[in-house]
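Down below is the structure, laid out as structure tokens.
None of the figures in this text is laboratory data; all of them are computed from the coordinates on show. Predicted model, so just to flag it, every value in this text is computed and none were measured. Cβ sites come from the backbone with ideal geometry, for glycine too, and all protein chains shown count toward neighbours.
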Amino acid sequence: MSEPGIENLLHEERTFPPSPAFTAQANAQESLYGEADDDFVAYWMRNAMERLDWITPPTVALDDSDPPFYKWFTDGELNISANCLDRHLANGGDKVAYHWIGEPGDTRTLTYADLSAEVNRFANGLRSLGVEKGDRVAIYMGMVPELAIAMLACARIGAPHSVIFGGFSAESIIDRVHDAQAKMLITCDGAWRRGSVVPLKDNCDVAMASSPSIEHCVVVERTKHGVDMQEGRDVWWHDLVESQADTCEPEIMNAEDLLYILYTSGTTAKPKGIMHTTGGYLTGAATTHSLVFDIKPDTDVYWCAADIGWVTGHTYIVYGPLANHTTSVMYEGTPDYPDKDRLWEIIAEYGVTILYTAPTAIRAFMKWGAEYPERHDLTSLRLLGTVGEPINPEAWMWYHEHIGGSTSPIVDTWWQTETGSIMISPLPGITATKPGSTTHSLPGITAQVVDMDGVPVERGEGGFLTIAKPWPSMLRSIYGDDQRYVDTYWTRYPGRYFPGDGAKLDEEGYLWVLGRVDDVMNVSGHRISTMEVESALVDHDAVAEAAVVGATDEITGQAIAAFVTLRSGYEPTDKLHDELRDHVGMKIGAIAKPRTIIFTPDLPKTRSGKIMRRLLRDISDHRDLGDVTTLANAEIVQAIAEQAEAQTEDD
Ligand code: PRX
């Protein structure tokens with residue numbers, strides 16, 4: 001028998017058809033695919049008209065006169081905060097918008113009426129400090145309601161926001177504030193994280209010393225640990241809003257006016273300021289939130305357990321849910337504080353019906369053990385989602401069984417900061433799912449896997465993920481760098497958007513996103529996805545989490561280096577090392593056996609929880625590691641590097 005190639009690498013597949021009961025009540029219908037296939041522009045126009053309130057309804061849907069600078073709904077006018085708040089007040093102002101839970105256990109409930117009043121007051125406060133339509137406002141906060149309030153207030157007065165994740169350093173604030181030339185910075189004194197204070201205002205003080213564009217800093221009092229307030233520059237949030245009226249006339253925004261900038265990492269050191277505009281973005285957010293999460297505004301309690309500092313939180317904690325008049329849970333802290341059942345406790349207490357989280361979190365829950373969710377009644381859950389990285393089938397199955405009670409559909413949603421909203425996902429009640437596959441493009445989205453020459457591949461083949469047609473919530477450019485926008489996304493496959501991911505189309509036409517293209521290894525001429533090897537490793541009972549990178553190898557081009565964390569009760573022995581290599585060989589084929597396996601108590605992760613594969617590649621190749629201080633767990637890096645050195649010496 002010959003060595004299996006990529007076409008044989010996918011796991012034994014199981015298919016989960018939708019349950020008739022779910023289908024009977026689903027928001028989505030099969031016919032949406034046909035409607036969008038017939039005329040994708042008309043499909044999006046219909047959604048824009050039906051789902052949003054326009055001050056001036058658009059007559060033009062797509063303007064493709066200057067590709068790749070596509071525009072949508074160009075003659076339409078609207079205000080996003082009015083769509084998220086004002087229009088719900090007449091028929092449900094007393095409905096809860098957010099059940100907010102602080103990490104120390106304090107809670108707040110904000111109805112739509114409460115939220116509207118807070119947003120209007122703060123919008124007036126911003127105006128009183130001189131913020132005008134078009135001015136950029138940087139926001140660096142923890143997960144408190146004021147973060148959503150600040151974003152909506154910016155949207156109300158037409159000031160694009162730039163949210164900077166609260167885990168970033170002062171340096172990162174400086175870069176982002178400088179790039180956007182932000183006029184205002186909104187922060188908290190501190191944020192709670194596992195019982196300690198993250199000194200957000202102190203970081204802002206350092207950043208502002210090198211950020212001449214910032215005129216004022218508004219500070220929410222959260223941790224009350226005492227911070228410096230600079231006279232004339234810094235203002236307490238509560239002082240600012242105290243005397244403000246709770247009505248503020250919304251700015252009339254063109255559909256193509258900038259709503260926000262969100263910075264994301266690219267292939268260079270300089271983060272890219274991804275630009276999202278008003279009408280198209282909200283159309284994408286509202287449509288996908290309703291269809292993918294099957295939102296029933298009157299009965300659902302929805303929880304996107306992401307941080308608003310990332311795009312997932314922008315679209316699926318703030319804009320999508322509020323546009324759809326949803327009741328959401330918002331949680332300030334981490335899932336393991338004070339104990340590892342915090343999420344499950346909250347779900348039981350609030351009767352959460354829909355949970356959206358990341359595979360990394362699910363793998364952590366697996367590692368901690370099923371006894372934590374088993375302590376709580378999770379039967380209110382009826383739909384689960386995942387996002388952010390490929391989910392290995394084992395984690396999918398664990399989520400399905402231990403959190404979803406083996407009945408809730410799982411939507412594995414593929415999208416990016418750049419796409420603004422979900423692009424590829426099952427439609428619950430409609431799509432039969434396969435663990436690990438993100439299934440199909442949503443209606444109105446044309447994802448295609450292409451080969452090196454940009455030609456769509458046949459079923460059963462792998463290649464590069466591309467999007468063949470523009471969509472309303474697409475990024476419009478990179479802030480201040482149109483050329484980088486063109487070069488990064490539209491040059492490799494002219495006429496197609498290239499997100500940087502590898503993917504495979506299976507025999508049944510299902511999409512499997514295999515990870516970033518730079519994470520796909522080439523071993524002896526065989527392309528092997530890091531995710532495939534990771535899935536095989538975590539499939540072993542001993543393995544809690546695994547990361548795999550392509551290390552340089554003189555003979556085979558690349559060789560597979562694996563980094564593994566073990567479940568409690570397992571010891572890192574030579575015997576287990578060999579057993580795991582054989583297990584991978586057994587699951588995938590000899591070609592996929594790791595050259596090295598390093599056991600480590602944790603994997604180096606960014607503060608957003610992503611595994612730092614670049615660092616693992618550097619360790620594998622014994623390169624200088626540079627600055628690792630921005631990692632969530634920097635201390636682990638040195639330990640792994642020493643092990644890697646020791647292993648090389650043994651060899
Ligand atoms: O590689 C893909 C991966 O995450 C990248 C986008 O990252 P970011 O802009 O930070 O946005 C994350 C949240 C939307 C993609 O290029 N990715 C995201 N979702 C999935 C995924 N990979 C596989 N499956 C997914 N469901």
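Can you find, among Val584, Ala561, Gly609, the residue farthest towards the positive end of the dipole of the range 520-650? Put +1 on the C-beta of Lys and Arg, -1 on that of Asp and Glu.
Gly609
Positive end of the dipole of the chain, charges at C-beta (+1 Lys, Arg; -1 Asp, Glu), about the Cα centre: which of Gln29, Tyr112, Thr433 has its Cα farthest in that direction?
Positive-most Cα among the choices belongs to Tyr112.
Along the Cα→Cβ direction, 7 angstrom out, place labels at Thr491 and Ser406. What is the inter-label distance in nm?
According to this spin-label approximation, the distance is 5.3 nm.
For Asp39 and Asp336, FRET efficiency with R0 = 35 Å and r from the beta-carbon atoms, rounded to 0.05?
E between Asp336 and Asp39, to the nearest 0.05, is 0.15.
Between the range 203-240 and the range 116-168, what is the separation of their alpha carbon centroids in Å?
14
Which ³J(HN,Hα) values in Hz, rounded to whole numbers, follow from the phi angles of the range 431-444 under the Karplus curve 6.51 cos²θ - 1.76 cosθ + 1.60, where θ = phi - 60° and Gly and Pro get x?
Per residue, the Karplus-derived 3J(HN,Hα) values read 8, 6, 9, 10, x, x, 9, 7, 6, 9, 4, 5, x, x Hz.
Quick one: 3J(HN,Hα) in Hz for the range 289-304, Karplus 6.51/-1.76/1.60 with θ = phi - 60°, rounded, Gly and Pro as x.
So the J values, rounded to whole Hz, are 4, 6, 7, 6, 9, 6, 5, 10, x, 7, 10, 7, 10, 9, 9, 9.
Suppose every Lys and Arg Cβ carries +1 and every Asp and Glu Cβ carries -1, with no other charges. What dipole size does the range 537-617 come out with about its Cα centre, to the nearest 20 debye?
Roughly 500 debye, rounded to the nearest 20.
Based on Cα positions only, what radius of gyration and what Dmax would you give for the range 532-612, in angstroms?
When restricted to the Cα atoms of the range 532-612, Rg and Dmax are 12.4, 37 Å.
Starting with the highest mean, order 53-65, 500-512 by the number of other Cβ atoms within 10 Å, averaged over the residues of each peptide.
Listed from highest to lowest mean packing, they are 500-512, 53-65.
Place the peptides 439-446, 226-233, 572-579, 93-100 in order of packing, highest mean first, counting for every residue the other Cβ atoms within 10 Å and averaging per peptide. Intermediate results must be reported in sequence, preceding the final value.
Working: 439-446: 22.8, 226-233: 10.9, 572-579: 12.6, 93-100: 19.1.
My ranking of the peptides, most packed first, is 439-446, 93-100, 572-579, 226-233.
Where Lys and Arg each count +1 and Asp and Glu each count -1, what net charge lies around Lys95 among other residues with Cβ under 11 Å from its Cβ?
Counting the neighbours of Lys95, the net charge comes to -3.
Among the lysines, which have Cα under 27 Å from the Cα of Lys224 when same-chain residues fewer than 8 positions away are ignored?
Lys183, Lys201, Lys340
Give me a comma-separated list of calculated 3J(HN,Hα) values for the range 458-465, in order, Karplus coefficients 6.51, -1.76, 1.60 applied at θ = phi - 60°, integers in Hz, x for any Gly or Pro.
Going residue by residue, I get 7, 4, x, 10, x, x, 10, 6 Hz, with x marking Gly and Pro.
Cα to Cα, under 23 Å, and not fewer than 8 places away if on the same chain: which lysines meet these conditions relative to Lys575?
The reachable lysines, counting only those whose Cα sits under 23 Å from Lys575, are Lys367, Lys587, Lys593.
Kindly provide the helix-only [θ] at 222 nm of the chain, computed as the sum of -39,500 (n - 2.57) over DSSP H runs of four or more divided by all residues, to the nearest 500 deg cm²/dmol?
Mean residue ellipticity at 222 nm (helix-derived): -8000 deg cm²/dmol.
Would you mind putting 619-625, 40-46 in packing order, based on average other-beta-carbon counts within 10 Å, highest first?
In descending order of packing, they fall as 40-46, 619-625.
Shape verdict for the range 224-360, please, from the Cα gyration tensor: rounded (a/c under 1.5), prolate (a/b greater than b/c) or oblate.
rounded
Once fully extended, how much extra length lies between His238 and Ala90, figured as 0.36 nm per residue of separation less the alpha-carbon to alpha-carbon distance?
50.5 nm
Using amide H atoms built 1.01 Å from N in the peptide plane, name the residues 5+ places from Asp234, or on other chains, whose amide H lies under 5 Å from its own.
Hits under the 5 Å cutoff: Cys217.
Among DSSP beta bridges lying fully in the range 6-489, give the percent that are antiparallel, nearest 5.
The antiparallel fraction comes to roughly 45 percent.
Counting alpha carbon pairs within less than 8 Å and at least 6 residues apart, what relative contact order, in whole percent, applies to the chain?
Reported relative contact order: 13 percent.
Under the rule of at least 5 residues apart or a separate chain, name every residue whose amide H is placed under 5 Å from the amide H of Trp72.
It is Asp63, by chain and number.
List the residues whose amide H sits under 5 Å from the amide H of Leu514, counting only those 5 or more places along or on another chain, with H placed 1.01 Å from N in the peptide plane.
Those qualifying (amide H under 5 Å, at least 5 residues apart or on another chain) are Gly502, Ala503, Lys504.
Going 7 Å from the Cα of Ile55 along its beta-carbon direction, which residues of the range 130-163 have the amide nitrogen within less than 14 Å of the resulting point?
Output list for this probe position: 133-134, 155-159.
For the chain, build the charge dipole from Cβ charges (+1 Lys, Arg; -1 Asp, Glu) around the Cα centre, then report which of Leu631, Val198, Cys217 sits farthest towards its positive end.
Cys217
Over the residues of the chain, compute the C-alpha Rg and express it relative to 2.2 N^0.38 Å.
0.94
Using the crude model of +1 on Lys and Arg Cβ and -1 on Asp and Glu Cβ, and no other charge, please compute the dipole size for the chain relative to its Cα centre, in debye to 20.
Once rounded to the nearest 20, the dipole reads 680 debye.
Return the distance in nm (one decimal) between the two label points of a simple spin-label model at Gln181 and Thr109, each offset 7 Å from Cα along Cα→Cβ.
If labels sit at Gln181 and Thr109, their model points lie 4.7 nm apart.
Output the relative contact order of the range 520-650, whole-number percent, from Cα pairs under 8 angstrom with separation of 6+ residues.
Computed value for the range 520-650: 21 percent relative contact order.
With r defined as the distance between the Cβ atoms of Ser65 and Glu508 and R0 fixed at 41 Å, what FRET efficiency is calculated, to the nearest 0.05?
0.60
Note down the relative contact order for the range 289-375 as a percent, whole number, built from C-alpha pairs under 8 angstrom at least six residues apart. Don't skip to the answer; put the middle values down first.
Details: 90 pairs, mean separation 30.1, N = 87.
Computed over the range 289-375, the figure is 35 percent.
For a quick check: sort Cys217, Cys304 by the number of other beta carbons within 10 angstrom, fewest at the front.
Numbers: Cys217 23, Cys304 27.
The fewest-first ordering by Cβ neighbours comes to Cys217, Cys304.
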